[in-house]
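**Student:** The structure that follows is given in the form of structure tokens.
The values are calculated or read from the model by the stated rules, or taken from the named source; none is laboratory data. Computed from a predicted structure; not experimentally measured. Every residue, glycine as well, gets a Cβ built from its backbone with ideal geometry; the counts of neighbours run over all protein chains shown.
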Amino acid sequence: MAITINVNGLRHSAKATADTPLLYVLRDELKLRGPKFGCGLAQCGACAVLLDGQEIRSCVTPVAAVMGRRVTTLEGLPALNAGRKGTSAAALHPVQQAWIDEQVPQCGYCQNGMIIQAVALLDHTPHPSDALIKTAMNAHLCRCGTHNAIVRAIKRAAKATA
Amino acid sequence: MTTSLQQTASVAVEEKTFDRSDFLRGGGALIVAAGLPVAVWPSGAGATSETPQAWPAEVDPSKLDSWLAIHADGTVTAFTGKMENSQGNRTAIPQIVAEELDVPVANVRVLMGDTARTVDQGSTVGSLTIRLAGPQLRQAAADGRQALLALAATRLGVPVSGLSVKNGVVSALSDASRHVSYAELVGGRLFGVTIPVQGSGRGFGLALGGAQPKAPSEYTVVGQSVPRVDIPGKVTGQYFYIQDVRVPGMLHGRVIRPPGLGSQLLSYGKPSHGARVVRLKNFLGVVAESEWDAIRAARELKVQWSNWAGLPTMDKLYSYILDTPNVQDAVVSNVGDAANALANAPRSVNASYTTPIQTHGSIGPSCAVADVKDGAATVWSGTQGPNDVRSAVSSALGFPLANVRIFTFDASGNYGRNGADMATVDAALMSQILGRPVRVQWSRQDEHGWDPKGPATVHQLQGGLDSHGNIIGWQHEAWIPAFFETTVIGSVLAGRTARLPSIHLWEDPILYNIPASRQVAHYQGDIGSAQNNGVGLISAWVRSPVQLQATFASESFFDELAAAAGADPVALRLRGLTDPRMIAVLQAVTKASKWQTRPSSSAKLRATSGIARGRGVATSLRGGTYNAAVADVEVDRKTGRIRVNHIVVAQDNGLTINPRAVKLGIEAGVVQTVSRTLYEQVTFDRSNVTSLDWHAYPIIRFKDAPTVEVILLNNPGLPATGSGEPSVNPIAPAIGNAVFDATGVRVRSLPMRPSWVRAAFAQQRA
């Protein structure tokens, strides 16, 4: 029986087996490029998506486990924000905009997980301190060393949504 | 080769969004701008209706069309053999080209790394892109402007001296109503112009001639902080990475590597999940229609390998290096009679420094797609050196070079030669064996285990002081077990050994005016290679190879001499420096950090319990780029934990193309180097690497990342030098010097882990 999942507001009937990690359904079936394969071990965070608003690691989450729940990927953030704020779906999520304004990425490969985690953080805590930002982001790895730029971008996004 | 590649698969990613075949038709008369948003424009292209016979063995640098295309809509494509590699080349190169052509920078795009379309400008390594390829592209653009002006002069009936250009429109100075656009002159057509060239791009020695480029004083685009064109796509999920490439009919492949470097494949069982086994001698993998099936089948396949245990034990690594015969000894520099000066110095200091094996640690494991059929290979790679990997694929497949075409896509930050080239050869081998397109995605364990490693090094230093505390003699010997080539593991396993150039040259100068000094390098084969037919712990470049290690040793040792002389570390450096640019960067960091002049380490200021605080300084010169750094650290005397709070770093790289991008790149590189200084060390047993994930090979996290202040000294009148590597060099010694300042303990080994620091405290108390 096909597993039906809800990704970025759209229903998708997955061809994959129930134990297939969500990441491969997102990338290989839905052709989404936001979530990245990084480790397959939930160690780095490159694969992160929102599941009912919480950050999860899609590389270790079986697709069957997200049935009946809302998955939001990097690609779905503008629409998520538009749905909440009544803004245009064409506009970027304020966190994405802050990432551009602060020119955060170097290679950019980890930034999917960083942005997803930042969105989850700001939804929960609209005005986090630097210390809280670092605690919230600590389980995401960046090889290039963009940590300071990320902290600046999260503070900028917090201001923008104030 | 028998038939054509006319049915060569198109890259399935976003086929509907744009038509790559139009974009790619560069070999013919027409090049059509695809009109893509720059942010989603991939490095290379994918679909081609060209046959392999149309792939040139080499792209001719003397043709202007090899460098530039003016499209019918007036937009411009610049072609380069260089890659993005994380640090902004995709933005800086259009700035350089737009500046010379007098077109809006937003109208210039860059196509990177397609071996049939872009000139070989050498691999994207060594912070050489802006430094060496920048002038090549600048000259090509200047020549393009000259060619366009000549066409305009004919069209308008006005001599070139009577013309001006603005935004890609040529106008008569005497009558502004007489004008013609670049698009009208050559849009969609070839220039057909030959330009003077000398030297070879492969050897980083290509020089173009022709028109006189602009003077830096005229620049309006170069030197501006143009927002990076790759960033919008990177924050929205629209950017193409090599991991996103999909080809119709493609199988998902996974490699299965031996447990020991020299293990032989004895037998294997039946694959699970409908997968197929791919095997050539010791080269083993599985392929499946679905990625998850390939992953599970690779994990579950029962394989028997022979034992191999030819590596030294890890605790003997450094003595093993000192005991191993050198392949080559080189005198790096020699001034005066260092041996005599040291023998007769009133005071002398000796010390040994060691640095561990380190890995690239790319967040995205390497990936490649290959379609090998009819005697030709079309390969999509995340390489930093498309022409290098083209040679490796050609050797591994037994194909002539001309029958291999490499398209490149951006990859996860590599910071040297990570697994990208190896995965590329893996994909090519699997596709050749199966006759179908194959995508090989390395696992985390593959990348941590089998990406070539930055070699461990050993340094022995001797310094002599006169009675006034002046340094009168200096000797630095370095042992570097990495020698000129990187072995491609898949090709070795398949019995078709291919190697890539990977010269680990120690070439950083002694910065100080010392009357007698000598630097000697001892190069060796890879660790364990003598025990396994030349294939040991495979080495390759990791960011600032050799110099990061050598500068850690030399700039730490300089501080040892300062301490022995009772001198302030900045003051003693300033006494020995003669180059005004180096003096300027050192003064910039001492000013910004409010450096307090005093000798290190002051026993009065040292905490004997709790948290000790200190600061350290270091300088470096790499490839013409000057750097200095001051680090502020805290050391927990109980746990031995070092915390780097803040680093001030200054850089003079001559002309800066994009100051904001450079400063952000330096900031990131400094944080990465703090990680390499404090945490990173590849572990191994007698058989192979054992640090196979992020727990076993930790890197820096948010809570430990220091803040960084970057000072960029503006020097637009001097040629642009590199930026990615140079600023990492003073970081480790600045931290080590700060630890000494705080505690009186000298750290002579990387990484500076708490256990080592605790042991040093115990020794200090004893």
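**Student:** Count, please, the residues in segment A:73-89 that happen to be at the interface with chain B (Cβ under 9 Å from one of its Cβ atoms) and either of a type in the set (A, V, I, L, M, F, W, C) or not in a helix (DSSP H, G or I) (or both).
**Tutor:** Number of matching residues: 3.
**Student:** A further question on this structure: Of everything in segment B:230-253 that's touching a strand residue (DSSP E or B) at 6+ places or on another chain (Cβ under 8 Å) and away from every other protein chain (no Cβ under 11 Å), which residue is surrounded by the most Cβ atoms within 10 Å (Cβ to Cβ)?
**Tutor:** It comes out as B:Gly253.
**Student:** Could you identify the single residue in B:Gly201, B:Gly188, B:Gly192 that is more than 14 Å from every other protein chain (Cβ to nearest Cβ), of a type outside the set (A, V, I, L, M, F, W, C) and buried (at least 21 other Cβ atoms within 10 Å of the Cβ)? Before the answer, list the steps.
**Tutor:** Details: B:Gly188 fails: buried (at least 21 other Cβ atoms within 10 Å of the Cβ); B:Gly192 fails: buried (at least 21 other Cβ atoms within 10 Å of the Cβ).
Exactly one residue qualifies, and that residue is B:Gly201.
**Student:** Something else now. If we keep just the residues of segment B:456-475 that are buried (at least 20 other Cβ atoms within 10 Å of the Cβ) and among the small types (Gly, Ala, Ser), which is nearest to the chain's Cα centre (by Cα)?
**Tutor:** In this case the residue turns out to be B:Ala456.
**Student:** Related question: If you scan segment B:204-229, which residues turn out to be away from chain A (no Cβ under 14 Å) and either modelled with pLDDT under 95 or within 30 Å of B:Ser502 (Cβ to Cβ) (or both)?
**Tutor:** B:Phe204, B:Gly205, B:Leu206, B:Ala207, B:Leu208
**Student:** Hey, can you tell me all the residues within segment B:608-660 that are under 26 Å from B:Val221 (Cβ atoms) and either without any contact (Cβ under 8 Å) to a residue 60 or more places away in the chain or among the aromatic types (Phe, Trp, Tyr) (or both)?
**Tutor:** The answer is B:Tyr626, and nothing else.
**Student:** Evaluate segment B:261-278: report whether one residue or more is in contact (Cβ under 8 Å) with a residue 60 or more places away in the chain and under 30 Å from A:Arg27 (Cβ atoms).
**Tutor:** yes
**Student:** From the residues in segment B:592-622 that are touching a Gly at 6+ places or on another chain (Cβ under 8 Å) and modelled with pLDDT of 95 or more, which one is nearest to B:Arg581 (Cα to Cα)?
**Tutor:** Looking at residues that are touching a Gly at 6+ places or on another chain (Cβ under 8 Å) and modelled with pLDDT of 95 or more, I get B:Arg622.
**Student:** Give me a count of the residues in segment A:23-57 that are in contact with a Cys (Cβ under 8 Å, 6 or more places away or on another chain), within 11 Å of chain B (Cβ to nearest Cβ) and either part of a strand (DSSP E or B) or within 19 Å of B:Gln238 (Cα to Cα) (or both).
**Tutor:** Final tally of qualifying residues: 8.
**Student:** Still on this structure: Report yes if some residue within segment A:124-142 is outside any helix (DSSP H, G or I), facing chain B (nearest Cβ under 7 Å) and touching a residue at least 40 places away in the same chain (Cβ under 8 Å); otherwise report no.
**Tutor:** Among the residues of segment A:124-142, at least one is outside any helix (DSSP H, G or I), facing chain B (nearest Cβ under 7 Å) and touching a residue at least 40 places away in the same chain (Cβ under 8 Å), which makes the answer yes.
**Student:** Taking A:Leu92, is it in contact with a Pro (Cβ under 8 Å, 6 or more places away or on another chain) and more than 9 Å from chain B (Cβ to nearest Cβ)?
**Tutor:** no
**Student:** Can you work out which of the residues in segment B:688-715 that are at pLDDT 95 or above and more than 11 Å from every other protein chain (Cβ to nearest Cβ) is farthest from A:Gly45 (Cα to Cα)?
**Tutor:** B:Leu713
**Student:** Counting just the residues of segment B:376-388 that are over 24 Å from B:Ala482 (Cβ atoms) and in contact with a Leu (Cβ under 9 Å, 6 or more places away or on another chain), which one comes out nearest to the other protein chains (Cβ to nearest Cβ)?
**Tutor:** Per the criteria, the residue is B:Thr378.
**Student:** Only one residue in A:Asn148, A:Asn112 is touching a residue at least 60 places away in the same chain (Cβ under 8 Å), part of a helix (DSSP H, G or I), within 26 Å of B:Ser86 (Cβ to Cβ) and facing chain B (nearest Cβ under 7 Å). Which one?
**Tutor:** Going through A:Asn148, A:Asn112 in turn, just one is touching a residue at least 60 places away in the same chain (Cβ under 8 Å), part of a helix (DSSP H, G or I), within 26 Å of B:Ser86 (Cβ to Cβ) and facing chain B (nearest Cβ under 7 Å): A:Asn112.
**Student:** If B:Gly566 satisfies all but one of (1) on the phi > 0 side of the Ramachandran plot; (2) within 33 Å of the chain's Cα centre (by Cα), what's the number of the condition it fails?
**Tutor:** Just one mismatch for B:Gly566, condition (2).
**Student:** From the list B:Ser391, B:Ser348, B:Ser362, exactly one residue is within 14 Å of another protein chain (Cβ to nearest Cβ) and of a type in the set (S, T, N, Q). Which is it?
**Tutor:** B:Ser362
**Student:** With the condition being modelled with pLDDT of 95 or more and closer than 30 Å to B:Ser554 by Cα, I'd like the helices (runs of 4 or more DSSP H) fully within segment B:255-366 carrying at least 1 qualifying residues.
**Tutor:** Output list reads B:317-323, B:338-344.
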